[in-house]
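See structure below.
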Amino acid sequence: LVQDAFRLMVVGEFKRGKSTLVNSLLGKDVLPARVAPCTAIITEVRYAEKPHAVLHYNDSAKAPAVVGVDELRKYVVIEDGDDSDDDASGRISQSPYSLMELHYPLPLCKNNVQIVDSPGLNEHKTRTKVALDFLSKADALVLVLSCQQALSQSELAFIDDQLGGRNLRHVFFIWNHFDAIVDSPDDIDDIRKRSKKYLEPRVGTNARIFYVSARTALVGKKNGDHAALERSGLVPFETALERFLATERGRVKLLTPLR
C-alpha cells in the first residue's frame, strides 16, 4: 500500500474536456487540448519538482526517452489522417509509444499518486480500446461528462457495463462545460435533474457529482484570477479529491486486487 502507486484515471467520451480538466489541476496548458479528437495514448501525471516527460516504447527493448514538456504535442496528439477505423492501416495502431509519463510539481500527486489522462471513448475503436484496457489498472475514476451533451445512452452504458463491478462511490462525476449553461436556469435545472435520476441512484450519493468549467478554472489559475477560479467550480472538486486521497486511498487500493 505504501509503495504501489494510486492511479486516478480521467475517463470519458471524446471532447468532454478531459485534458483541459487535467490542465486545470496543473494550472497550465501542459497537455494538448483542442476541438478535434486529440489524445492518442495514455498519459500518467506523476509528481516531480522539475517538469519533464518520459516516453515508453511499445518495444520493451528500447530504453524510455526523456523529452521536454513543451514537446508533448509531437507524441500524444492525433494528427490529421489518423482517423481510420482499420487497425491495419490506422497510424495510431502503429504508434511506437505505449505510455507517456508527465512528471510535474502537482501537490495532488505527492505520495505516489498518479493522475491518468486517457483517449476519448467512442471516437475510434483502437483509441477506445487503449482507454478501456487501462480501466483494470485504475484505483479510482474521474468520469467527465458535458453539460452540452447531457449524458448520452453510450455514457450510461459505460457506467453500467464497464463500471458494473466497481464501487461507484469511488468515481467522481464531473459535469464539464458548465460555463455554457451558467446563464440558463432551465438548462441547469435539467442537468441537476439528470444527475438525480441517472447518477445518484447508481452512486448512492451526490457528494461526488460536480459542476465545473475546466477552461474557466485553467484561465483563472494562469491569470491569478481568484474570482474566475471560484466561479469555475473546480475548488470543491479539488478539495474533495484531496480529502479522498488523504483518508480513503488505502481502503480503496485494497479493492483492486479484491475485485
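The values are calculated or read from the model by the stated rules, or taken from the named source; none is laboratory data. Everything quoted here is computed from the prediction, not taken from an experiment. For neighbour counting, all protein chains shown are included, and Cβ atoms are generated from backbone atoms with ideal geometry for every residue, glycine included. To get the accessible areas, we keep the full protein, side chains included, count just its heavy atoms, and leave off ligands, DNA and RNA. Shrake-Rupley method; radii C 1.70, N 1.55, O 1.52, S 1.80 Å.
Model label sites at His52 and Asn111, defined 7 Å from Cα along the beta-carbon direction, differ in position by 2.7 nm. Available extension along the chain between Leu132 and Ala246 is 38.4 nm, counting 0.36 nm per residue and deducting the alpha carbon span.
Using the heavy atoms of the protein chains and a 1.4 angstrom probe, tell me the accessible area per residue for the stretch 196-259 in square angstrom. Kindly include the intermediate steps, with their values, before the conclusion.
Numbers: 3520 Å² over 64 residues.
Per residue, the stretch 196-259 has 55 Å² of solvent-accessible surface.
Applied to the stretch 155-172, the Karplus parametrisation 6.51 cos²θ - 1.76 cosθ + 1.60 on θ = phi - 60° returns per-residue 3J(HN,Hα) values of 6, 5, 5, 4, 4, 7, 8, 7, 10, x, x, 9, 7, 6, 5, 9, 10, 8 Hz, with x for Gly and Pro.
Equivalent ellipsoid of the stretch 145-259: semi-axes from √(5λ) of the C-alpha gyration tensor, largest first, are 26, 20, 11 Å. Out of the total accessible area of the chain (probe 1.4 Å, heavy atoms of protein only), what percent is carbon and sulfur? Of all accessible area on the chain, carbon and sulfur atoms account for 49 percent. Scanning residues 5 or more positions from His103 or on other chains, those with amide H under 5 Å from its amide H are Arg46, His52, Ala53, Val54, with H placed 1.01 Å from N in the peptide plane.
As an exercise, use a Förster radius of 25 Å and the Cβ-Cβ distance of Ala150 and Glu71 to find the FRET efficiency, rounded to the nearest 0.05. Efficiency, from the Cβ-Cβ distance: 0.10. Taking every C-alpha pair closer than 8 Å and separated by at least 6 residues, the mean separation divided by the residue count of the stretch 164-232 gives a relative contact order of 38 percent.
For the chain, the relative contact order works out to 25 percent when only alpha carbon pairs closer than 8 Å and six or more residues apart are counted. Each label was represented as a point 7 Å from its Cα along the Cα-to-Cβ direction; for Asn167 and Ile188 these points are 3.3 nm apart. Summarised as an ellipsoid, the stretch 187-244 has semi-axes of 25, 14, 7 Å, derived from the eigenvalues of the Cα gyration tensor scaled by 5 and square-rooted, with the largest first. 3J(HN,Hα) along the stretch 239-255: 5, 5, 5, 4, 5, 4, 5, 7, 10, 10, 4, x, 5, 5, 4, 5, 5 Hz, from the Karplus curve 6.51 cos²θ - 1.76 cosθ + 1.60 with θ = phi - 60°, whole Hz, x for Gly and Pro.
Per residue of the chain, the DSSP helices (runs of n ≥ 4 H) give a summed -39500 (n - 2.57) that works out to -8500 deg cm²/dmol at 222 nm.
Amide H contacts of Val142 (H built 1.01 Å from N, in plane; Pro and chain starts excluded): Met9, Val10, Val11, Phe172 sit under 5 Å, all sequence-distant by 5 or more or on other chains.
For Leu121, the amide hydrogen comes within under 5 Å of the amide hydrogens of Gly12, Glu13, Phe14, counting only partners 5 or more places away or on other chains and with H modelled in the peptide plane. Within the set Lys15/Lys222; Lys137/Lys221; Lys18/Lys196; Lys74/Lys125; Lys197/Lys222, which residue pairs have Cα atoms separated by over 27 Å? Among Lys15/Lys222; Lys137/Lys221; Lys18/Lys196; Lys74/Lys125; Lys197/Lys222, the Cα-Cα distance tops 27 Å for Lys137/Lys221; Lys197/Lys222.
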